[in-house]
Amino acid sequence: MKKNAILMLLGVGILTSCNDPKGSVENDSLSDATADTAVVYEDEMGRVEADGAEIIDVGEDFWANINWDAPVVENEKMKATDVEMRSDTEYNIYTMDDRLLFDTDKAQIRTAGEEKLQEIVNEIKNLPPNGQIRIFGHADARASNEYNKELSAERANAVKDWLQNKGGIDGQRLSIEAMGETAPRATNETARGRQLNRRVAVVVVTREQ
């Protein structure tokens, strides 16, 4: 029934165009639909495409000024998976201890880690669909700067690939930043402090583009 209605509307558009010698009727195809005409055509994909979920680059200054001490959000689902959620006016931060995702000195996501990432994906899908997402990899200071940066890059990339390939997040939204040991949350002089510093943070832009 829905398909027949669409075909009838298209037929009317074609006939109108043929009867107009000046060719004043334009945009009579689904591919040319605007947000308004997509609703007329009752075409769901047309609405999505016409709405134009274009990913707009927020710029490197935005990422350089993330407030890692943004207020904690009491989200029961996140809390149950040991993912810390913080929120600012323009973004959410989902932070995971490296032990939730990886074995020591590894960059392959563990099965248990996939469950954590899926909960983050569920949250992301409730946010604007064109917000950029950056994955930050962090390390403690025990190894060399070069090693720490390399490992944090590999881990951030592993999360990025998972979000895209298994989480269904548009790859154009995703990027990584290897922080290495440059942004500690705690002292590197204690085991507890080093553990807090070894983490992955997923930052999702929530403002409307």
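Might you let me know whether the range 94-113 holds any residue that is within 18 Å of Thr206 (Cα to Cα) and either aliphatic (A, V, I, L, M) or modelled with pLDDT of 90 or more (or both)? The answer is yes; a qualifying residue exists. In the condition set (1) touching a residue at least 40 places away in the same chain (Cβ under 8 Å); (2) among the basic types (Lys, Arg); (3) over 21 Å from Asn126 (Cα atoms), Arg173 is compliant with all but (3). Look at (1) within 18 Å of Ala183 (Cβ to Cβ); (2) not in a loop (DSSP other than H, G, I, E, B) and you find that Ile120 fails only one, number (1).
Of all residues in the range 131-149, those satisfying the criterion of being in contact (Cβ under 8 Å) with a residue 24 or more places away in the chain and more than 19 Å from Val159 (Cα to Cα) are Ala141, Arg142, Asn145. In the set (1) farther than 18 Å from Gln164 by Cα; (2) outside any helix (DSSP H, G or I); (3) modelled with pLDDT under 90, the condition left unmet by Ile55 is number (1).
The selection criterion, being in contact (Cβ under 8 Å) with a residue 40 or more places away in the chain and in the same structural domain as Leu100 (by TED's automatic domain parsing), holds for Gly167. Within the range 123-174, the residues that satisfy the criterion of being assigned to a loop (DSSP other than H, G, I, E, B), surrounded by 19 or more Cβ atoms within 10 Å (Cβ to Cβ) and over 13 Å from the mean Cα position of the chain (by Cα) are Ala139, Asp140.
Let's see how each residue does on (1) out of contact with any strand residue (DSSP E or B) (no Cβ under 6 Å at 6 or more places or on another chain); (2) among the acidic types (Asp, Glu); (3) under 20 Å from Asp82 (Cβ atoms):
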site	(1), (2), (3)
Ala107	yes, no, yes
Ala112	yes, no, yes
Gln132	no, no, no
Asn165	yes, no, no
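Consider Arg110 carefully, then state whether it is surrounded by 12 or more Cβ atoms within 10 Å (Cβ to Cβ), among the basic types (Lys, Arg) and closer than 22 Å to Gly168 by Cα. Judged against the criteria, Arg110 is a match.
The values are calculated or read from the model by the stated rules, or taken from the named source; none is laboratory data. Since this is a predicted model, take the numbers as computed values, not measurements. FYI the Cβ positions are ideal-geometry reconstructions off the backbone, even for glycines, and counts take in every protein chain you see.
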